[in-house]
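K.L.:
Okay, here's the structure, questions in a sec.
The values are calculated or read from the model by the stated rules, or taken from the named source; none is laboratory data. What you see is a predicted model, and the numbers here were worked out from it, not measured in a lab. Methodologically, a virtual Cβ is constructed for each residue, glycine included, from the backbone with ideal geometry; neighbour enumeration extends over all protein chains shown.
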Amino acid sequence: MEIKENTKLLRIFIGELDKHNKKPLYEEIVARARAMKIAGATVYRGILSYGASSVVHKSKIMDLSADLPLIIEIVDSFEKIDEFLPELDKLFNESKCGGLVTIEKVEILKYLHGDVH
């Protein structure tokens with residue numbers, strides 16, 4: 001069964017070494033999204049980036065401590081994403097970490113098989 005929906009995509013750009021109470025910030029973001037019953041979240045690790053500071057972050061085979069870029073993508077209804085934004089703002093303020101957040105309207109195609117919702 002195919003279901004078409006208009007939703008929002010929340011994309012969060014942070015560093016791999018960013019922390020919230022000694023826990024990786026990306027883990028805390030995903031945990032809070034799950035606690036708020038957001039439809040889904042995925043964390044991607046980048047291999048090369050730079051941001052406002054123009055510092056280049058890149059993946060090297062022998063470099064185990066590189067502060068690689070992370071992108072967290074969260075997709076859900078307009079309302080659920082809007083409810084999550086204050087929680088995300090709170091996390092950034094508590095952790096004193098910087099980041100970039102983008103929001104886009106997206107159309108999703110959901111293919112359901114059997115009893116999966």
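K.L.:
Give LEU109, LEU68 a once-over and let me know the one that is among the aliphatic types (A, V, I, L, M), surrounded by fewer than 11 Cβ atoms within 10 Å (Cβ to Cβ) and modelled with pLDDT under 90. Outline the logic, then answer.
P.N.:
On the way: LEU68 fails: surrounded by fewer than 11 Cβ atoms within 10 Å (Cβ to Cβ).
The unique qualifying residue is LEU109.
K.L.:
Something else now. Quick one: would you say ILE74 is surrounded by 12 or more Cβ atoms within 10 Å (Cβ to Cβ), at pLDDT 95 or above and more than 12 Å from ILE14 (Cβ to Cβ)?
P.N.:
yes
K.L.:
Now for a separate question. Tell me which residues, restricted to the range 1-44, are in contact with a Cys (Cβ under 8 Å, 6 or more places away or on another chain), aliphatic (A, V, I, L, M) and part of a strand (DSSP E or B).
P.N.:
Passing the criteria: only ILE14.
K.L.:
Shifting gears a bit: Suppose we filter the range 21-40 for residues that are surrounded by 15 or more Cβ atoms within 10 Å (Cβ to Cβ) and either of a type in the set (S, T, N, Q) or closer than 15 Å to GLU83 by Cα (or both); how many remain?
P.N.:
6
K.L.:
Just give me the residues in the range 41-65 being at pLDDT below 70 and under 18 Å from ILE81 (Cβ atoms), in sequence order.
P.N.:
Correct list: empty.
K.L.:
Would you please list the contacts, defined by Cβ atoms under 6 Å and residues six or more apart or on different chains, that run from a residue in the range 85-112 that is under 11 Å from ILE29 (Cα atoms) and charged (D, E, K, R) to a residue that is modelled with pLDDT of 90 or more and surrounded by 10 or more Cβ atoms within 10 Å (Cβ to Cβ)?
P.N.:
As it stands, the answer is GLU87/ARG32, since those pairs meet every condition given.
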